[in-house]
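Heads up: the structure comes next, in structure tokens.
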Amino acid sequence: MNLIDMHCDTILKMMGREEEFNFKNNNYGIDLSKLKRSNSIAEFFACFVDLKGDKDPLQRALDMVDKLYLEINKHRETIAIAKSYQDIVTNRKEDKISAILTIEGGEALKGKLSNLRNFYKLGVRLITLTWNYQNEIGYPGCVEEFAEKGLTEFGKELITEMNNLGMIVDVSHLSDGGFYDAIKYSKKPIVASHSNARKVKSHSRNLTDHMIKLLGENGGVMGLNFCNPFLSKNKVATVEDMISHIKHIVNIGGIDVAAIGTDFDGIDNPPEIKHIGEMDKLVDALQKHGFSEVDIEKIFYKNTLRVIKENL
């Protein structure tokens, strides 16, 4: 089964580890060998910025973009940057994994559309509008008092410019009010790159049934997040926990809304599927629960590929 994973934090593992980081084989959630094992077509690599930890979020994001390019250059026979749907098609023909650059935390833009355009020129094709802090774009979902707050005026302008450029709007981490604004103002399908179903596990990082339904109507997708607190009450989330979320998401939003967004290398406590090379466990479980091969293909890569094609 082919795979497209909409979110990982592997660049974060690369930073400051020049001597020890091995992109081909490592002990993290994602490396090139594991991506090959999972038949990965594309992996979305996040440049994660922390407003409280990074003195200059713009510079931090630029350093992370640079770091991924350096690593890809070392392994250019295996992986290549993809800036468009056509790039993914070309890379597949050359038996290369596509790396799609993203920014997690819109504070990296410092409230300027010129920074967005410059990141676009560098190959960034998705922006997760907020992380866990308020920024120039909007408000995080993890702060209860911000739940109903929508996007700022700059946030609305940003979505229009992202649509014009051909960049994917990502609402994971965003406030509920921000989600509704993103759906309202985007003329193209949006994504929740790494979010689960709130009805199955009550957490602000997950989407309500109404959001899932709207996302499906919008033509967007949501990537199943493997982080335990968003999946399960158990200490270690099981594949059955993942199935519960997928079943609910499909029941509410339709099969075309379900996708994968593992969050590997950004989660503290790996679930039963410990790394990207073990995705066959989820395939087997989906088959046992009556999902057809066509359904599983949609969840694993075709739905996300469709959104890529419509945006990029």
Exception for residue 184 within (1) surrounded by fewer than 18 Cβ atoms within 10 Å (Cβ to Cβ); (2) assigned to a loop (DSSP other than H, G, I, E, B); (3) basic (Lys, Arg) falls at (2)
Note: among 35, 3, 68, just one is over 29 Å from residue 292 (Cβ atoms) and surrounded by 15 or more Cβ atoms within 10 Å (Cβ to Cβ), namely 68
Cβ pairs under 8 Å, 6+ apart or interchain, first in region 92-112 and of a type in the set (S, T, N, Q), second surrounded by 15 or more Cβ atoms within 10 Å (Cβ to Cβ) and part of a loop (DSSP other than H, G, I, E, B), ordered by first then second residue, are 98/82; 102/193
Reported set for region 195-244 where residues are over 19 Å from the mean Cα position of the chain (by Cα), farther than 17 Å from residue 257 by Cβ, hydroxyl-bearing (Ser, Thr, Tyr) and open to solvent by 40 Å² or more (accessible area, probe 1.4 Å) is 202, 238
Residue hits (region 245-281; open to solvent by 10 Å² or more (accessible area, probe 1.4 Å) and either touching a Cys at 6+ places or on another chain (Cβ under 9 Å) or not in a helix (DSSP H, G or I) (or both)) are 254, 263, 265, 266, 267, 268, 269, 270, 272, 274, 275
Of the listed residues (128, 90), the one being at pLDDT 95 or above, out of contact with any helix residue (DSSP H, G or I) (no Cβ under 9 Å at 6 or more places or on another chain) and either within 25 Å of residue 219 (Cβ to Cβ) or open to solvent by 10 Å² or more (accessible area, probe 1.4 Å) (or both) is 90
Within region 2-48, of all residues that are on the phi < 0 side of the Ramachandran plot and of a type in the set (Gly, Ala, Ser), the one farthest from the chain's Cα centre (by Cα) is 33
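Is it the case, given these coordinates, that residue 30 is part of a loop (DSSP other than H, G, I, E, B) and of a type in the set (Val, Ile, Thr)? Even if it seems obvious, please write down each step before you answer.
On the way: part of a loop (DSSP other than H, G, I, E, B): yes; of a type in the set (Val, Ile, Thr): yes.
Considered against the rule, which asks whether it is part of a loop (DSSP other than H, G, I, E, B) and of a type in the set (Val, Ile, Thr), residue 30 comes out as yes.
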When residue 89 is run through (1) closer than 19 Å to residue 47 by Cβ; (2) assigned to a helix (DSSP H, G or I), the failure sits at (1)
Filtering region 96-142 down to residues that are in contact with a Phe, Trp or Tyr (Cβ under 9 Å, 6 or more places away or on another chain), in a strand (DSSP E or B) and under 18 Å from residue 65 (Cα atoms) yields 99, 100, 101, 102, 103, 104, 125, 126, 127, 128
Taking first residues from region 196-219 that are under 16 Å from residue 6 (Cβ atoms) and part of a strand (DSSP E or B) and second residues anywhere that are open to solvent by 40 Å² or more (accessible area, probe 1.4 Å) and modelled with pLDDT under 95, the pairs with Cβ under 7 Å that are 6 or more apart or on different chains are none
Checked against (1) out of contact with any Leu (no Cβ under 8 Å at 6 or more places or on another chain); (2) within 22 Å of residue 114 (Cα to Cα), residue 143 satisfies every condition except (2)
Residue in region 41-50 that is farther than 20 Å from residue 119 by Cα, in a loop (DSSP other than H, G, I, E, B) and open to solvent by less than 10 Å² (accessible area, probe 1.4 Å) present: no
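The values are calculated or read from the model by the stated rules, or taken from the named source; none is laboratory data. Because the structure is predicted, anything quoted here is derived from the model rather than measured. No Cβ is skipped: glycine too gets one built from the backbone with ideal geometry, and neighbour counts run over all protein chains shown. The accessibility values were calculated without ligands, DNA or RNA, using every heavy atom of the protein model including side chains. Shrake-Rupley method; radii C 1.70, N 1.55, O 1.52, S 1.80 Å.
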